[in-house]
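Worksheet: the structure to be examined is printed underneath.
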Amino acid sequence: MAVTSTQVKNSASVVQIAVGSYITSSTAAAFDITVGFKPLWVRVVNETSGDMYEWYHGMADAEAIKTVAAGTRSIITTLGITQLSYGFTVGLDTDVNVINEQISWMACG
């Protein structure tokens with residue numbers, strides 16, 4: 001049996017973590033979060049509905065593992081999370097990114 005293992009480290013010598021929240025009262029749209037580093041993992045949670053998605057290093061842009069409050073889990077390939085060199089973009093998934101509903105996020109690098 002062959003085992004392949006890889007590890008990715010950020011450019012800093014310490015783990016970088018950022019947390020925050022976001023709410024919009026205007027038209028819901030994709031938006032960028034600036035954290036000052038390139039995240040390797042991102043979780044975004046809609047605090048109202050409980051729906052959330054996660055993105056891990058190695059996933060494609062706009063992809064995410066989406067979990068709805070009812071417990072259904074799926075991989076979405078559009079409208080998810082996109083890694084940026086300074087943060088990430090939260091896509092316009094209509095279960096997670098909803099007008100007048102607060103989302104909380106956490107990014108680690």
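The values are calculated or read from the model by the stated rules, or taken from the named source; none is laboratory data. If you're wondering where the values come from, they're calculated on a predicted model, not measured in any experiment. Ideal geometry is used to build each Cβ from the backbone, glycine not excepted, and the neighbour counts take in all protein chains shown. Heavy atoms of the whole protein, side chains included, go into the accessibility calculation; ligands, DNA and RNA do not. Shrake-Rupley method; radii C 1.70, N 1.55, O 1.52, S 1.80 Å.
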Nearest-10 value in Å² for the accessible area of Thr89, using the 1.4 Å probe: 30 Å²
Sum of side-chain charges, Arg43 neighbourhood, beta-carbon under 13 Å (Lys, Arg +1; Asp, Glu -1): -2
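Ignoring ligands, DNA and RNA, what percent of the accessible area of the chain is carbon or sulfur (1.4 Å)? Before the final figure, lay out each step's value.
Values: 3370 of 6300 Å².
Summing carbon and sulfur atoms, their accessible area is 53 percent of the total for the chain.
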Local electrostatic count, Val96, Cβ distance below 10 Å [Lys/Arg +1, Asp/Glu -1]: -3
Distance between modelled label sites at Ile99 and Thr78, nm, 7 Å Cα→Cβ extension: 2.1 nm
Nitroxide proxy distance, nm - points 7 Å out along Cα→Cβ at Val68 and Ala28: 1.2 nm
Extension gain from Met106 to Val19, taking 0.36 nm per residue of separation minus the Cα-Cα distance: 30.9 nm
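Below 12 angstrom from the Cβ of Trp105, what's the summed charge of the other residues (Lys, Arg +1; Asp, Glu -1)?
Working: positive: Arg43; negative: Asp32, Glu47, Glu54.
Around Trp105, the charge tally is -2.
How high is the relative contact order of the chain, given as a whole-number percent (alpha carbon pairs under 8 Å, six or more residues apart)?
On the way: 246 pairs, mean separation 42.0, N = 109.
Relative contact order, the chain: 39 percent.
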